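The values are calculated or read from the model by the stated rules, or taken from the named source; none is laboratory data. Please read all numbers here as calculations on a predicted model, not as lab measurements. Positions of Cβ are backbone-derived with ideal geometry, glycine not excepted, and every protein chain shown enters the neighbour counts. These area figures cover heavy atoms from the full protein model, side chains too; ligands, DNA and RNA do not enter into them. Shrake-Rupley method; radii C 1.70, N 1.55, O 1.52, S 1.80 Å.
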Amino acid sequence: QLPLVQSGGGLVQPGGSLTLSCAASGFSLGTYSLTWFRQAPGGNREGISCISNSDTHYEDSVKGRFTISRDNAKNTVFLQMNSLKPEDTAVYYCAADRYSFCAGYINGAHLYEYPYWGQGTQVTVSS
């Protein structure tokens, strides 16, 4: 069983919205930070947003359009994506970090430094 289970991806038209979820199984997300990554076709897996219990971060490409949130009681983190563009098309992954704030995200940690990963979900933005 995967430590993080994702849902909410799919096909949406430009300007539309989707909400992704990332639910922890077998451990508590409460003391972890969580980062959303995405990997476009032919591209690298890049972090776009992170949330801990004390700080929140967004890359410029998604700032103002995406909102990250968490519900520790549900052991789940969400990414609400609005005003979607074709350039947002990618496989989206969530990953948990042991740090109490978004240190890995801020410092550009290597992917293998994240102990828990979701399975990834496809988001396609197209007319």
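Of note:
- Of all residues in segment 24-33, those satisfying the criterion of being open to solvent by 50 Å² or more (accessible area, probe 1.4 Å) and hydroxyl-bearing (S, T, Y) are S28, T31.
- Sole exception among (1) touching a strand residue (DSSP E or B) at 6+ places or on another chain (Cβ under 7 Å); (2) within 16 Å of V123 (Cα to Cα) for L111, by number: (2)
- So S21, is it at pLDDT 95 or above and closer than 20 Å to P115 by Cα: yes
- Test: residue in segment 19-30 that is of a type in the set (F, W, Y) and within 15 Å of the chain's Cα centre (by Cα): no
- Answer residue from segment 34-61, given it is of a type in the set (S, T, Y) and over 11 Å from the mean Cα position of the chain (by Cα) and is most open to solvent (accessible area, probe 1.4 Å) among those: S54
- Filtered by the rule that a residue be in contact (Cβ under 8 Å) with a residue 24 or more places away in the chain, in contact with a strand residue (DSSP E or B) (Cβ under 6 Å, 6 or more places away or on another chain) and polar (S, T, N, Q), segment 57-94 gives N75, T76, Q80, T89.
- One residue stands out among those in segment 62-112 that are hydrophobic (A, V, I, L, M, F, W, C), open to solvent by 50 Å² or more (accessible area, probe 1.4 Å) and modelled with pLDDT under 95: the one that is nearest to G26 (Cα to Cα), which is A73.
- Any hit, segment 46-61, residues being among the aliphatic types (A, V, I, L, M) and at pLDDT below 95: no
- With respect to the conditions (1) within 19 Å of G9 (Cα to Cα); (2) in a loop (DSSP other than H, G, I, E, B); (3) acidic (D, E), D60 lacks only one, and its number is (1).
- Residue in segment 118-126 that is free of Cβ contacts under 8 Å to residues at least 24 places away in the same chain and either within 17 Å of L34 (Cβ to Cβ) or in contact with a Gly (Cβ under 6 Å, 6 or more places away or on another chain) (or both) present: no
- Those residues of segment 95-107 which are touching a residue at least 24 places away in the same chain (Cβ under 8 Å) and farther than 12 Å from C22 by Cα, in sequence order: D97, R98, Y99, S100, F101, C102, A103, G104, Y105, I106
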